[in-house]
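Novice: Dumping the structure here so I can ask a few things about it.
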Amino acid sequence: MSSYARVVVEIALNREFDYIIPEALRDAVAVGSQVVVPFGKSEVRGFVVALPERSDRNDLREIIRLVGKKPLISGRVMELARWVAEYYAAPVETAVRTVLPSAVRQKNARFKEQLFVIPMDAASDAEAVRRLRARSPRQAAVLDILLSGEAMFLSHLAKTAGTTAGTVRGLEKKGFVRISREAMARDPLAGQTVLRTQHQKLMPQQEEAFALIRRAMDTLAPPVVLLYGVTGSGKTEVYLQAIDHALKQGKGAIILVPEISLTPQTVERFQSRFGDDIAVLHSHLSGGERHDEWHRLHSGKARIAIGARSALFAPIENLGLIVVDEEHEHSYKQGEAPRYHARDVAVMRGHMERCAVVLGTATPSLESWHNAQTGKYALARMPHRVDHRKMPHVRVIDMRLEASKTGRVTMFSSELVEAVRARLARAEQVILFLNRRGHSTSLICPKCGYVATCSACSVPLTYHKVTEELRCHICGAIEPVPDRCPSEECRDPRIRYAGIGTQKVELAAAKLFPKANIQRMDADVTTQKDAYSRILGDFRVGKTDILIGTQMIAKGLHFPNVTLVGVIAADVALHMPDFRAGERTFQLLTQVAGRAGRGDVSGEVIVQTFTPFHPSIQASSRIDFEGFADQEMEFRRELFYPPYSHLICITVRGRVEEQVKFSIDAFAKTLFPMLPEKVVRGEPAPAPLARTCGQYRWQIMLRAASARAVTGPLRTALDQFRWPKEVHCTVDVDAISLM
Ligand code: ADP
Ligand code: ZN
């Protein structure tokens, strides 16, 4: 038993502090315990991250007390947090904060206490009630509401009656009701009835995949399985049965899904199989709900967690399986420190917990594909759709030809218009996809070439017709729409909009298909609560004929009556200054295409593009992941890009460009000599997004065969280097966004 505890305190300090564990607490303090410790002149809360044998210091102070009995974080999860901090070169307390939701960590987090009001015998005594009515009409009114079955919670009852809790307490004094105090878990899925489903008999391809996963679970040789199955191949059913296998072994499971596909539809599929054994963790829950769901797992009442990124750290003891659905999704990467990738950390947690990890997708990330090719991961393939429904037929439309035919650039090719009309005539549904919101992507003066740009960011402003304004999609700034060129010397009134966004597509579609019900779904529409589920609900029941949207509608949705998907401009993501642009385009096109033909009628996809022969577009038109991967991997290998290297992106930002440039140069001079020779180092350069929110941004890109070759020296350099006060530095290990 150690007499020392290493503690990370709540306040942001990138350090661990040693304390003495007092005699009385020696048996109780464990890694993961929450403790109160003296800190300077005050007392602060912290978490025990390790129990070292000895400490180098002899001026240590004692832990004051322990908070709670069972550690909130298990030793293994704490170990994982420390690994995350180290691997991603992030402050350790940010990692501790990540593994424990604030709703659980906060001082006043506790189960919500609801007071129930329960009618007593006196309430059915007509004579007593008559007297009450005469003497205390307010109390009688409360009783009426309660007896009509309207309300039961004290707070709700008082509110419904338009009175205070005091009135209800008056009723209690007179013996009409009893107020009881009971802790009850808030259930985010309350009020929904979920029908229990049974396991389906697996198809042969599912059977094979399941056998591989079972082997991974039982023997850990190897522990990770990449489940590469086309959309609609039945991956979810395989997950469900694998989870069941874990439960039968007395173990728990975690299912990670991207936030965007964490819809009631998804959650319900798991719930209808496992009921109360499921706890849901995601950011749309209230703090209280999160707290309760988390504790259901912590106490072992629920053994399966489903959630977005951070559910990875769910407090489940004895894990048997972690599933990462849509493992290629970029939203698994956290945008702030620690900038961890949930898929990679899932593999690490699996390793630490000695449990199997399943990575499922229709378009594997090249990182996972590489691991499967080299035998590090087992590979399960499911190339067919369930019931052998056909994959959709994809037609690529060359918009250059379209333009030369009509003499102008059009938004809808004649093929697409015809195809939509045919669907409308047959009462089938259509999805139109464009990964750009707003109306027009820029405002350009044809005379002087002026482009309306955000004053704080180096990006053009997007025109929003619905609200009649210009908006910056980076910082959110809003500006009025000028009626002539704002440039002093020009002032030309012919200033015009260029580039298309979803709003423009919506307007054009309304003109082309006047009888159709059209609905748009993008981040501008879904700012209202419930808009997302309302729009999807309308589409599901057939109230909407055409759904127009951004990547929000590209993923995970299952609408059997959709027989046509139109991609308005496939090139949008292709010309980004990012080596993953091709991969991203391929993934997105394949995912949207997967929305077509999930019912009895086979689907069609029409892809409009100005670069029809681009390899990503060609491969996605054949729904040929492996063809795409072969070609792309070759290019990655030659240029030493991931998955053949780890890419570390250091971004420095500040308001004064000279200062930013000077600091990053100086930092490079400190860091570079410390790096092993084999690290490929880019010189400091302005970031592709050179300015955001008034801050200039410069970057250094480093590539190395192992991330540690860089992060080790990088941490030392960061410790040594003194940044000017107004300059900030962020480190992104295995960076996904290079903007
Ligand atoms: P994916 O997750 O690969 O896109 P799903 O799991 O959503 O595929 O499966 C597509 C459809 O096929 C779902 O409606 C699902 O209920 C059904 N399905 C999956 N497996 C089977 C099976 N073994 N037998 C019958 N239907 C199945
Ligand atoms: Zn801006």
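Novice: Residue by residue through region 582-599, note down the ones that are more than 12 Å from Ser621 (Cβ to Cβ) and of a type in the set (Gly, Ala, Ser).
Specialist: Those that are more than 12 Å from Ser621 (Cβ to Cβ) and of a type in the set (Gly, Ala, Ser): Gly582, Gly594, Ala596, Gly597, Gly599.
Novice: Now for a separate question. Need the failing condition index for Leu379 against (1) at pLDDT 95 or above; (2) crowded, with 24+ Cβ neighbours inside 10 Å; (3) not in a helix (DSSP H, G or I), just the number.
Specialist: For Leu379, the failing item is (2).
Novice: Working only within region 434-457, note down all residues that are closer than 30 Å to Thr590 by Cα, within 16 Å of ligand 2 (Cβ to nearest atom) and either modelled with pLDDT of 90 or more or not in a loop (DSSP other than H, G, I, E, B) (or both).
Specialist: Ser442
Novice: A follow-up question, please. Is it the case, given these coordinates, that Arg408 is surrounded by fewer than 21 Cβ atoms within 10 Å (Cβ to Cβ) and within 18 Å of Thr611 (Cα to Cα)?
Specialist: Spelling it out, Arg408 is indeed surrounded by fewer than 21 Cβ atoms within 10 Å (Cβ to Cβ) and within 18 Å of Thr611 (Cα to Cα).
Novice: Right, next: For residues that are touching a Leu at 6+ places or on another chain (Cβ under 9 Å), near ligand 2 (Cβ under 10 Å from one of its atoms) and not basic (Lys, Arg), tally how many sit in region 461-477.
Specialist: Residues flagged as touching a Leu at 6+ places or on another chain (Cβ under 9 Å), near ligand 2 (Cβ under 10 Å from one of its atoms) and not basic (Lys, Arg) within region 461-477 amount to 5.
Novice: For Glu468, state whether it is among the acidic types (Asp, Glu), at positive phi and surrounded by fewer than 14 Cβ atoms within 10 Å (Cβ to Cβ).
Specialist: So Glu468 passes the test.
Novice: Let me ask something additional. Hey, among the residues in region 526-548 that are outside any helix (DSSP H, G or I) and in contact (Cβ under 8 Å) with a residue 24 or more places away in the chain, which one's nearest to Thr263 (Cα to Cα)?
Specialist: So the residue we want is Thr526.
Novice: Here is a list of conditions, (1) assigned to a loop (DSSP other than H, G, I, E, B); (2) modelled with pLDDT of 90 or more; (3) surrounded by fewer than 15 Cβ atoms within 10 Å (Cβ to Cβ), and Pro364 meets all of them except one; can you say which number that is?
Specialist: Just one mismatch for Pro364, condition (3).
Residues are listed down the side, and each one gets a yes or a no for (1) acidic (Asp, Glu); (2) in contact with a Cys (Cβ under 6 Å, 6 or more places away or on another chain); (3) assigned by TED's automatic domain parsing to the domain that holds Thr98; (4) more than 18 Å from Glu93 (Cα to Cα):
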position	(1), (2), (3), (4)
Val37	no, no, yes, no
Arg57	no, no, yes, yes
Glu62	yes, no, yes, yes
Leu72	no, no, yes, no
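Novice: Which fully enclosed helices (runs of 4 or more DSSP H) of region 3-112 have 3 or more residues being touching a helix residue (DSSP H, G or I) at 6+ places or on another chain (Cβ under 7 Å) and either crowded, with 21+ Cβ neighbours inside 10 Å or at pLDDT 85 or above (or both)?
Specialist: Once the helices (runs of 4 or more DSSP H) in region 3-112 are filtered for at least 3 residues that are touching a helix residue (DSSP H, G or I) at 6+ places or on another chain (Cβ under 7 Å) and either crowded, with 21+ Cβ neighbours inside 10 Å or at pLDDT 85 or above (or both), what remains is 75-87, 92-99.
Novice: Now, a different point. Does Asp218 qualify as being assigned to a helix (DSSP H, G or I) and more than 16 Å from ligand 1 (Cβ to nearest atom)?
Specialist: Values: assigned to a helix (DSSP H, G or I): yes; more than 16 Å from ligand 1 (Cβ to nearest atom): yes.
Yes.
Novice: Being among the charged types (D, E, K, R) and closer than 12 Å to Pro222 by Cα is the filter here; which residues of region 373-391 pass it?
Specialist: Once the filter is applied, which keeps residues that are among the charged types (D, E, K, R) and closer than 12 Å to Pro222 by Cα, region 373-391 yields only Lys376.
Novice: Considering Arg339, Arg423, Arg385, which residue is touching a Phe, Trp or Tyr at 6+ places or on another chain (Cβ under 7 Å) and either more than 19 Å from Val224 (Cβ to Cβ) or not charged (D, E, K, R) (or both)?
Specialist: Arg339
Novice: Here are some residues: Leu281, Leu319. Which one is in contact with a Lys or Arg (Cβ under 8 Å, 6 or more places away or on another chain), modelled with pLDDT under 90 and within 30 Å of Thr363 (Cα to Cα)?
Specialist: Leu281
Novice: Another question, if that's okay. Just to be sure before I move on: is Lys515 basic (Lys, Arg) and over 33 Å from the mean Cα position of the chain (by Cα) in the structure I sent?
Specialist: When the stated conditions are applied, Lys515 passes them.
Novice: Scan region 248-269 and report the pairs whose first residue is under 14 Å from Arg343 (Cα atoms) and whose second residue is assigned to a strand (DSSP E or B) and away from ligand 2 (no atom under 16 Å from the Cβ), with Cβ atoms within less than 6 Å and a gap of 6+ or a chain change.
Specialist: Ile254/Ala305; Ile254/Ile322; Ile255/Ile306; Ile255/Val323; Leu256/Val324; Val257/Asp325
Novice: Scan region 580-605 for residues that are surrounded by fewer than 24 Cβ atoms within 10 Å (Cβ to Cβ), in a loop (DSSP other than H, G, I, E, B) and basic (Lys, Arg) and report the count.
Specialist: Qualifying residue count, region 580-605: 2.
Novice: Still on this structure: Could you say whether any residue in region 569-581 is in contact with a Gly (Cβ under 8 Å, 6 or more places away or on another chain), away from ligand 1 (no atom under 16 Å from the Cβ), touching a residue at least 24 places away in the same chain (Cβ under 8 Å) and more than 15 Å from His328 (Cβ to Cβ)?
Specialist: The answer is yes, given that some residue of region 569-581 is in contact with a Gly (Cβ under 8 Å, 6 or more places away or on another chain), away from ligand 1 (no atom under 16 Å from the Cβ), touching a residue at least 24 places away in the same chain (Cβ under 8 Å) and more than 15 Å from His328 (Cβ to Cβ).
Novice: Of Arg697, Arg703, which residue is surrounded by 16 or more Cβ atoms within 10 Å (Cβ to Cβ), more than 16 Å from ligand 2 (Cβ to nearest atom) and either assigned to a strand (DSSP E or B) or at pLDDT 95 or above (or both)?
Specialist: Step by step, each of Arg697, Arg703 is checked, and only Arg703 is surrounded by 16 or more Cβ atoms within 10 Å (Cβ to Cβ), more than 16 Å from ligand 2 (Cβ to nearest atom) and either assigned to a strand (DSSP E or B) or at pLDDT 95 or above (or both).
Residue by residue, here is whether (1) within 26 Å of the chain's Cα centre (by Cα); (2) at pLDDT 85 or above holds:
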residue: Leu574; (1), (2): yes, no
residue: Phe586; (1), (2): yes, yes
residue: Gly594; (1), (2): yes, no
residue: Phe613; (1), (2): no, yes
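Novice: Another one. Tell me, which residue of region 458-482 that is in a loop (DSSP other than H, G, I, E, B) and under 20 Å from Leu507 (Cβ atoms) is farthest from ligand 1 (Cβ to nearest atom)?
Specialist: For region 458-482, the residue satisfying everything is Val481.
Novice: If Ser620 satisfies every condition in (1) closer than 30 Å to Gly542 by Cβ; (2) modelled with pLDDT of 95 or more but one, which is the exception?
Specialist: Evaluating Ser620 over (1) closer than 30 Å to Gly542 by Cβ; (2) modelled with pLDDT of 95 or more leaves (2) as the failure.
Novice: Within the set of pairs 6+ apart or on separate chains, which have a first residue in region 18-43 that is free of Cβ contacts under 8 Å to residues at least 24 places away in the same chain, a second that is surrounded by 13 or more Cβ atoms within 10 Å (Cβ to Cβ), and C-beta atoms under 9 Å apart?
Specialist: From residues that are free of Cβ contacts under 8 Å to residues at least 24 places away in the same chain, the pairs are Glu23/Ser3; Glu43/Val36; Glu43/Val37; Glu43/Ile64.
Novice: Can we say Ala419 is within 16 Å of ligand 1 (Cβ to nearest atom), out of contact with any Ser or Thr (no Cβ under 8 Å at 6 or more places or on another chain) and in contact (Cβ under 8 Å) with a residue 40 or more places away in the chain? Steps first, please.
Specialist: On the way: within 16 Å of ligand 1 (Cβ to nearest atom): no; out of contact with any Ser or Thr (no Cβ under 8 Å at 6 or more places or on another chain): yes; in contact (Cβ under 8 Å) with a residue 40 or more places away in the chain: yes.
Spelling it out, it is not the case that Ala419 is within 16 Å of ligand 1 (Cβ to nearest atom), out of contact with any Ser or Thr (no Cβ under 8 Å at 6 or more places or on another chain) and in contact (Cβ under 8 Å) with a residue 40 or more places away in the chain.
Novice: Condition test on Ile431, is it crowded, with 16+ Cβ neighbours inside 10 Å and part of a strand (DSSP E or B)?
Specialist: On the way: crowded, with 16+ Cβ neighbours inside 10 Å: yes; part of a strand (DSSP E or B): yes.
Against the criterion (crowded, with 16+ Cβ neighbours inside 10 Å and part of a strand (DSSP E or B)), Ile431 qualifies.
Novice: So Ile546 passes all but one of these: (1) farther than 27 Å from Ser602 by Cα; (2) surrounded by 14 or more Cβ atoms within 10 Å (Cβ to Cβ); (3) in contact with a strand residue (DSSP E or B) (Cβ under 7 Å, 6 or more places away or on another chain). Which condition number does it fail?
Specialist: In the conditions (1) farther than 27 Å from Ser602 by Cα; (2) surrounded by 14 or more Cβ atoms within 10 Å (Cβ to Cβ); (3) in contact with a strand residue (DSSP E or B) (Cβ under 7 Å, 6 or more places away or on another chain), Ile546 misses (1) alone.
Novice: May I ask you to list pairs of residues, at least six apart or on different chains, whose Cβ atoms are under 8 Å apart, with the first in region 352-369 being assigned by TED's automatic domain parsing to the domain that holds Ile254 and within 12 Å of ligand 1 (Cβ to nearest atom) and the second being part of a loop (DSSP other than H, G, I, E, B) and among the polar types (S, T, N, Q)?
Specialist: Filtered contacts from region 352-369: Ala362/Thr231; Ala362/Ser233.
The values are calculated or read from the model by the stated rules, or taken from the named source; none is laboratory data. It should be emphasised that the depicted structure is a prediction, and the values quoted were computed from it without experimental measurement. Positions of Cβ are generated from backbone atoms using ideal geometry, with glycine treated the same way; all protein chains shown enter the neighbour counts.
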